[in-house]
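Input: a single structure, listed below in structure tokens.
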Amino acid sequence: MDKKEIIKKLGAMRSSDPCFGGGKIVSSVSTEPLDVALDAWRLYSDVNALDTYLFSSAQKLEKEVMEWLAGMLHGSHAAGYITTGGTESNIAALYAAKKMYPGKREVIVPDSVHYSVLKAADLMGLKVKKTGLDKNFRADVGDIEKALSKDTLAVVATAGTASLGMVDPVEEINGLCGDVFFHVDAAFGGFILPFIVGRVTDFRLDNLDSLTIDPHKMGCAPIPAGALLFRDASYLKELTVQPAYIPITSYTLSGSRSAGAVAAVWATIRCLGLEGYEKNARECLRNTSLLCRELKKVSGAGIVTEPDVNIVGVRLPDIEKTASELRKRGWGIAVNKELSCIRFAVMPHVTREVVLGFIGELKEVLN
Ligand SMILES: Cc1ncc(COP(=O)(O)O)c(C=O)c1O
């Protein structure tokens, strides 16, 4: 195939899927990447971030990204790296915990934990102790306290749950974690919570060991781009390996890594800055409140619970049928069977107009 034909074929394939620009994708926690991030990606597309011997500029970019994230998350000594996303970060965090506390085998996770944490435990042969949620779907702290034992390796809490956008009471959980590894999965909430006054979900928690935050979610960077931060660089030392065939030290879970992702995150952060993220966060939270308010006015519809961040569990009458009607009208929605709701992520491309458009079409579908 010649180049033109290849691109034409790919264009045709791509056009069969929806675009974020159209605004109607409300089931995804990613959003449209910035052009500058895509340019940055292309510039670094042939660079392997693993090979810091050959490509030192990628290492410098990654260090700057980490310093910036650490600043936003109040981790004056925090250190970490860019991963492929929340799943890899959560696996790597538990791997670090296992290295630091060999012999301990139990991981305490509230019921709403992301499945990647369960996968991590399974991979490492750790025993999962599930704990309950309160009536607002946040972790029940009393239950965690009861589950703690001399075999507890780690406690994982979530700051912005995948289904309902709830933030576990991390300050109280932090108080229980003096002797165990404490990981906060802020894959979704990490770029929102710093802008909610009174919320402390970051390294100001004195027992927090590690935190997942995803640039490819509310960080607005192209996929794949997650980030894992530890309280300080000593955790990375625990993970360090020295390959025989190349003069580098590596502490990442993957070997070869895309420096394109690193450059794209660097570019996105530089372009938006803290002010840009704060503006996004405020707008998304405003639109989340609007969605919740409007849903309560639609007969038969509603919300599962008032979310802490910009993900809403939307209750609909005759959910499969209603969802299917909405899908026919071009809405990118997904049904959460367990909670009998749809997960509505109010991302930056989900503007006020999109929210009101959804409500309008929902009313038409239900009439
Ligand atoms: C709270 C949370 N943790 C982890 C993940 C996994 O992230 P990824 O899909 O980037 O691996 C998600 C994904 O939605 C999430 O919401």
Considering only segment 108-120, I want to know if a residue exists there that is touching a residue at least 40 places away in the same chain (Cβ under 8 Å) and of a type in the set (Lys, Arg). no
Identify the single condition in (1) part of a loop (DSSP other than H, G, I, E, B); (2) outside the structural domain of residue 69 (by TED's automatic domain parsing) that residue 280 does not satisfy, given that it satisfies every other one. (1)
Of everything in segment 149-171, what is open to solvent by 20 Å² or more (accessible area, probe 1.4 Å) and without any contact (Cβ under 8 Å) to a residue 60 or more places away in the chain? Give them in sequence order. 149, 150, 151, 169, 171
Taking only pairs six or more apart or across chains, which ones have beta-carbon atoms under 9 Å, a first residue in segment 27-50 that is free of Cβ contacts under 8 Å to residues at least 24 places away in the same chain, and a second residue that is crowded, with 21+ Cβ neighbours inside 10 Å? 46/259; 46/260
Of the residues 257, 286, which single one is within 16 Å of the ligand (Cβ to nearest atom) and in contact (Cβ under 8 Å) with a residue 12 or more places away in the chain? 257
Condition broken by residue 76, with the remaining ones in (1) under 18 Å from the mean Cα position of the chain (by Cα); (2) open to solvent by 60 Å² or more (accessible area, probe 1.4 Å); (3) farther than 18 Å from residue 156 by Cα; (4) hydroxyl-bearing (Ser, Thr, Tyr) satisfied: (1)
Could you give every pair whose Cβ atoms fall below 6 Å, whose first residue belongs to segment 81-93 and is more than 9 Å from residue 228 (Cα to Cα) and touching a residue at least 24 places away in the same chain (Cβ under 8 Å), and whose second residue is more than 6 Å from the ligand (Cβ to nearest atom) and open to solvent by less than 10 Å² (accessible area, probe 1.4 Å), counting only separations of at least 6 or pairs across chains? 91/120
If you take the residues of segment 204-249 that are more than 14 Å from the chain's Cα centre (by Cα), open to solvent by less than 10 Å² (accessible area, probe 1.4 Å) and more than 16 Å from residue 98 (Cα to Cα), which of them is farthest from the ligand (Cβ to nearest atom)? 248
Go through (1) in contact with a Leu (Cβ under 8 Å, 6 or more places away or on another chain); (2) open to solvent by less than 50 Å² (accessible area, probe 1.4 Å); (3) in contact (Cβ under 8 Å) with a residue 60 or more places away in the chain and name the single condition residue 266 misses. (2)
Of all residues in segment 182-198, how many are over 18 Å from residue 87 (Cβ atoms) and in contact with a Leu (Cβ under 6 Å, 6 or more places away or on another chain)? 1
Within segment 134-153, how many residues are more than 15 Å from the ligand (Cβ to nearest atom) and not in a helix (DSSP H, G or I)? 10
Suppose the filter is within 16 Å of the ligand (Cβ to nearest atom) and surrounded by fewer than 21 Cβ atoms within 10 Å (Cβ to Cβ); does residue 57 pass it? no
Which residues, taken from segment 81-122, are of a type in the set (Gly, Ala, Ser) and more than 15 Å from the ligand (Cβ to nearest atom)? 96, 97, 103
Checking the structure you have, find out if any residue of segment 252-270 is under 30 Å from residue 147 (Cβ atoms) and modelled with pLDDT of 95 or more. yes
Conditions first: (1) more than 9 Å from the ligand (Cβ to nearest atom); (2) touching a residue at least 40 places away in the same chain (Cβ under 8 Å); (3) among the polar types (S, T, N, Q). Residue 174 passes all but one, so which condition is the exception? (2)
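With 80, 71, 75 as the choices, which residue is assigned to a helix (DSSP H, G or I) and under 22 Å from residue 200 (Cβ atoms)?
Going through 80, 71, 75 in turn, just one is assigned to a helix (DSSP H, G or I) and under 22 Å from residue 200 (Cβ atoms): 71.
Quick one: count up the residues across segment 250-277 that are outside any loop (DSSP other than H, G, I, E, B) and under 29 Å from residue 123 (Cβ atoms).
Here the count works out to 8.
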Can you find a residue that is at pLDDT 95 or above, among the small types (Gly, Ala, Ser), in contact with a Pro (Cβ under 7 Å, 6 or more places away or on another chain) and on the phi > 0 side of the Ramachandran plot anywhere in segment 72-92? yes
Among (1) within 30 Å of residue 312 (Cα to Cα); (2) away from the ligand (no atom under 16 Å from the Cβ); (3) open to solvent by 30 Å² or more (accessible area, probe 1.4 Å), there is one condition residue 43 misses while meeting the rest; what is its number? (1)
Looking only at segment 335-367, which residues are open to solvent by 20 Å² or more (accessible area, probe 1.4 Å) and assigned to a strand (DSSP E or B)? 335, 336, 343
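The values are calculated or read from the model by the stated rules, or taken from the named source; none is laboratory data. Being a predicted model, the structure only gives us computed values, none of them experimental. We place every Cβ from the backbone using ideal geometry, glycine too, and count neighbours over all the protein chains shown. Remember, those area values only see protein heavy atoms, side chains included, never the ligands or the DNA or RNA. Shrake-Rupley method; radii C 1.70, N 1.55, O 1.52, S 1.80 Å.
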